[in-house]
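Enquirer: First the structure, then my questions, so here it is.
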Amino acid sequence: MGFLNALWSICGFSLGISAGFIVGYFFFIYFKPSHVKDPEIKPLTEPDPETMQRMLLELPLWVKNPDYDRMDWLNSFIDYLWPYIDKAIAKTVRTVIKPIIAEEIPKYKIQSVEIQELTLGTLSPTLQGMKVYEMHENELILEPAIKWAGNPNIMVAIKAFGLKATVQMVDLQVFAVPRIILKPLVPSFPCFANISVSLMEKPHIDFGLKLMGVDLMSIPGLYTFVQEQIKDQIASMYLWPKTLKIQILDSAKAYRKPVGILHVKVVKAMNLKKKDLLGASDPYIKLKLTDDKLPSKKTSVKHNNLNPEWNEEFKLIVRDPQSQALELHVFDWEKIGKHDKMGINVVPLKDLLPDEVKVLTLPLLKKTDSDGVENEKDRGQVVVELKYKPFKEDEIPKGFEEMHAVPKAPDGTPAGGGLLVIIIHEAEDVEGKHHTNPFVRIYFRGDKRKTKRVKKNRDPRWEEEFAFPLDEPPTNDKVHIEVISTSSKIGLLHPKECLGYVDISLSDVVANKRINEKYHLIDSKNGRIHVELQWRTSS
């Protein structure tokens, strides 16, 4: 009996525990207490409006303004080079400022000024964004947002009246948005002649200043006074529209304007070598100046002649007589195939005296940059007569500013009238559905003009000028300009289609004398046309 009672007790305990777990689980799942609520998740600190405003001020400009571009790549580049830039700037400053200090300190009865420490620190400036303006006036405008929270250490020791004091500047912070104008753009490195810098708003400048180790900026009232004085002084000098202009190149030299004319008379050639299998050679001469983009000039062809005489004269525009040279290339003309080279020679212009005729008999060489055996072979000679005539002061073409000024109307223009000049430069992204052979048609006061047609080109360039003499200013007029494509194939299917058009009001042209803009073409997806308009008057 005792054994059965023990067995029954164990079974009952097991069944009770199991039933308790099942009932408890049922109550836990289906009878959730009503006073328990879901927890509300909140940030540890919720910013108030003032905190949010301060956070927005710290955001880069490219976040707040979509017209600013990110400059992360340039920031990484500057940061990597900063240790080297720091040393280079410090070395340059010491070299430049040393003679200036030596010249100025006697005026103030100072015995010596010594730069003991000069380092810009380990923290490089950052560009918070860059805005680039698209201009059509031969200039480039940049607006970088610069922030520099640096740790420079600049210490200067000053000795005067037998006393020595050290002044130290630390913890410099500069926040500025300058406008940098590169103008004019020129075809000589670094490709711009002047840099103009102006500030678009007052800069923020903060720094620590110590005298003999004592922090001067902790003096009550001095910190605010110094900050405001520095801001006002910089703003009075460089706040837009005031600018700091730095000349990099002489724009006249950068453009390499013409300084004279080289008169060349190709007299004759002698003892030329036979190039053709049947008969003698058919020589002609090409001549041009080095570093000149103009096409070569050439003589007539003298058929079946090894001692030809030309006596033909040419004029070449000289831009730099010290570096340019006259190149003479003699060729054998071929009716079919490539023309054979017979020889070459070069005459440096610096060897010519101004206004003096010089007759030269030049041996023909295979290469001008070689003194080897290949030039020892006799290839004949060329006789030329040269005269370099430099321009007088009043004959030299104008500089950049005067080159881009609007010229006056021709003589005989009515006093109240003028000359409307329309220059069609180029178009971009023009495309037809069936063909793209664009030309431009201009409609003005019933007059119709057109440019030449450019075949199979989505970015055609014309550079054509049209003039309209007028008895009165076209203040209330418009000019209609359209880009048209015509089929290059003969057929009646889609012979012509319009690629876009634009109507330009001429009131601004009369007021400003000149407008040079790119216009979006109506009825074109992405097409634009570059048009320059000038109003030339006799006054």
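The values are calculated or read from the model by the stated rules, or taken from the named source; none is laboratory data. Remember, predicted model here, so these are calculated numbers, not experimental data. Quick reminder, even Gly has a Cβ in these numbers, built from the backbone with ideal geometry, and neighbours come from all protein chains shown. Protein only, heavy atoms only, side chains kept; ligands, DNA and RNA dropped before computing areas. Shrake-Rupley method; radii C 1.70, N 1.55, O 1.52, S 1.80 Å.
Enquirer: Straight-line reach only, C-alpha to C-alpha below 20 angstrom: list the lysines that residue 164 could link to, leaving out same-chain residues fewer than 8 apart.
Expert: Result set, ordered by chain and number: 98, 107, 109, 210.
Enquirer: Give the residue list of trypsin sites (Lys or Arg not before Pro) in the stretch 291-339 that are DSSP loop and have at most 14 other beta-carbon atoms within 10 angstrom.
Expert: 293, 335, 338
Enquirer: Would you mind checking 91/183; 433/513; 341/377; 131/452 for any pair whose Cα atoms are more than 26 angstrom apart?
Expert: 91/183; 433/513; 131/452
Enquirer: Here's a follow-up. What part of the accessible area of the stretch 70-118, given as a whole %, is carbon or sulfur when the probe is 1.4 angstrom?
Expert: Of all accessible area on the stretch 70-118, carbon and sulfur atoms account for 63 percent.
Enquirer: Now a separate question. Is the shape of the stretch 112-159 best called rounded, prolate or oblate, per the rule: a/c under 1.5 gives rounded, else a/b larger than b/c gives prolate, else oblate, with a ≥ b ≥ c the square roots of the Cα gyration tensor eigenvalues? Please report the intermediate quantities before stating the final value.
Expert: Details: a/c = 6.23, a/b = 2.35, b/c = 2.65.
Oblate.
Enquirer: Does the stretch 67-206 come out rounded, prolate or oblate by the C-alpha gyration tensor, with a ≥ b ≥ c the root eigenvalues, rounded set by a/c under 1.5 and, if not, prolate when a/b is larger than b/c and oblate if not?
Expert: Prolate, since a/c reaches 1.5 and a/b exceeds b/c.
Enquirer: Less than 14 Å Cβ to Cβ from residue 152, Lys/Arg counted +1 and Asp/Glu -1: what total charge do the surrounding residues give?
Expert: With Lys, Arg at +1 and Asp, Glu at -1, the net is -2.
Enquirer: Using a 1.4 angstrom probe, figure out how much accessible area the stretch 96-232 has per residue, in square angstrom, rounded to the nearest whole.
Expert: 56
Enquirer: Using a 1.4 Å probe on the protein heavy atoms, what percent of the accessible area of the stretch 436-479 belongs to carbon and sulfur? Write out the running numbers ahead of the final one.
Expert: Values: 1170 of 2740 Å².
That fraction is 43 percent.
Enquirer: Enumerate the amide H contacts of residue 527 below 5 Å, restricted to partners 5 or more residues apart or on another chain; note that Pro and chain-start residues carry no placed amide H.
Expert: 521
Enquirer: Let me ask you something else. Which lysines have a Cα lying under 18 Å from the Cα of residue 358, excluding residues fewer than 8 positions away in the same chain?
Expert: Hits, sequence-local ones excluded: 265, 268, 288, 315, 350, 387, 389.
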